[in-house]
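What follows is one structure encoded as structure tokens, with my remarks underneath.
Coordinate-derived values only; no laboratory data. Small disclaimer: the values here were computed from a predicted structure and weren't measured. Cβ sites come from the backbone with ideal geometry, for glycine too, and all protein chains shown count toward neighbours.
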Amino acid sequence: MRQASTILTFATAGAGLVEITAPVTDWVAAQGLSEGLLTLFVRHTSASLIIQENADPEVQRDLLAFFRALVPEESGRYRHADEGPDDMPAHIKAALTAVQLSVPLLSGRLALGMWQGLYLFEHRRTPHRRQVALHLLGA
């Protein structure tokens, strides 16, 4: 068994999804493993990770709209607003999604389906730099 790890940094433009599939798969390929398991972990409390359709951008827009409606930014609704009115809603959205993903590595490739992509889901309205830790274990 071998293992490798790194931290990738991604710039976000505010609330929305940033596809990170290409840089993640490039890093995995450079490790030269054929079978194993990749773990991704976002190192923030107001962003998350999801696996989602990467063919139709309407999916991303609909997800963003759904989460905005599900967790509204309403003045006075939340006690925690240290960084603005989108602060606590961002934490709730991160709690409802995932901060960690696991993806099998089969024959040297991530076992994602044809229409699946890896996404960093930014829940804050302003741009941020987000870190995603990768850990690959395999042979």
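Of note:
- Every residue from the stretch 12-43 that is free of Cβ contacts under 8 Å to residues at least 24 places away in the same chain and surrounded by 15 or more Cβ atoms within 10 Å (Cβ to Cβ): PRO23
- Residue in the stretch 44-53 that is hydroxyl-bearing (Ser, Thr, Tyr), part of a loop (DSSP other than H, G, I, E, B) and surrounded by 18 or more Cβ atoms within 10 Å (Cβ to Cβ) present: yes
- Each residue in the stretch 55-88 was checked for being touching a Phe, Trp or Tyr at 6+ places or on another chain (Cβ under 7 Å) and either in contact (Cβ under 8 Å) with a residue 24 or more places away in the chain or among the acidic types (Asp, Glu) (or both), and 1 of them qualify.
- Just so you know, in the stretch 29-79 the residues that are basic (Lys, Arg) and in contact with a strand residue (DSSP E or B) (Cβ under 9 Å, 6 or more places away or on another chain) include one that is farthest from LEU137 (Cα to Cα), and it is ARG61.
- Checking each residue in the stretch 98-132 for being assigned to a loop (DSSP other than H, G, I, E, B) and under 9 Å from the mean Cα position of the chain (by Cα) picks out only VAL99.
- Residue count, the stretch 1-11 (criterion: surrounded by 15 or more Cβ atoms within 10 Å (Cβ to Cβ) and under 20 Å from HIS128 (Cβ atoms)): 2
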